Amino acid sequence: MRTILKALLLSLTLALALGGCGFFDDSPEEPMEPAVAQETGDEAAAPQADASEEGASGTEAGLSSTNEVEDIVPEGPVATLQLANGSTIEVLGLAKLGKYYLYISGELNGRTSTVISYTRFQDVAKWDAFIFKDPNNFIITTKEGKELVFMNARLFLGSDSNDTYSFYAFNDNYEKALIVVKKSDVATIKFN
C-alpha cells in the first residue's frame, strides 16, 4: 500500500511540475524592426507622431532602433519584364507591399517551406532574373550564377493578389504609372 501511495504522490508531483512549466514564457523577444529610409505616406508619419506624443524619442524610451537602413533605388529602368507572348515592358520601379518589395513563400530547392521578403532594393538587385514555368513554379538566378528553384510557391510583387503583379512602368501616354499584369502572362523578369 505504501508503494502505491508513493507512486501516486510521485505522479501527482510530476503532473504539478509539468503543469507549472506551462506557465513559463520561453518565447524569444520580438526583434525591433529597423527604420526604412525614404518611407512615404501614413506609414512613415505614424511612428513619428507616436514618438512626439510620448514626449521621448525611441532611443530614450528604448523602444526603437537608431539604425537606419538605407534603401538606394537606381534611376531609370530597374528590370525588364518579358511576357509569354514575347512582348517586353521596362519596369521603372517596384511597388512596395507595405514595407516589402516582394514576398515569396514555397519549397526552395526541394526542401521545406521557405519565406523570403526584402525591404531594401539592394537585396532584390542581387538577383539576375525570375524564370517562370508557371505562376507557382519558378527559378531565381543570382548575379553570381546560382539558381534558387521554387516549387509550389507564391510570389507577391507589388500586389497582394494571387493573380497579378504590379509595378511602375510607362503607360500608353508615356507617363510613369502603376501597371498590373496577370501572373500567368509573365515569362521572365530580368533585373538590370
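Just so it is clear, none of the values below were taken in a lab; they were calculated from the coordinates. Everything numeric in this text was worked out from a predicted model, so none of it was measured. Every residue, glycine as well, gets a Cβ built from its backbone with ideal geometry; the counts of neighbours run over all protein chains shown.
Numbers at a glance
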| read-out | value |
| --- | --- |
| At R0 = 35 Å, FRET efficiency that the Cβ-Cβ distance of THR114 and ASN171 yields, to 0.05 | 0.50 |
| Nitroxide proxy distance, nm - points 7 Å out along Cα→Cβ at ASP134 and LEU97 | 2.0 nm |
| Contour minus Cα-Cα distance for ASP185 and GLU147 (0.36 nm per residue) | 11.5 nm |
| Segment LEU9-VAL73, extension gain: residue separation times 0.36 nm, minus the distance between their alpha carbons | 16.3 nm |
| The stretch 95-182 shape via C-alpha gyration tensor axes, a/c threshold 1.5 | prolate |
| Cross-link pairs LYS99/LYS126; LYS96/LYS126; LYS99/LYS133 - those with Cα-Cα distance over 26 Å | LYS99/LYS133 |
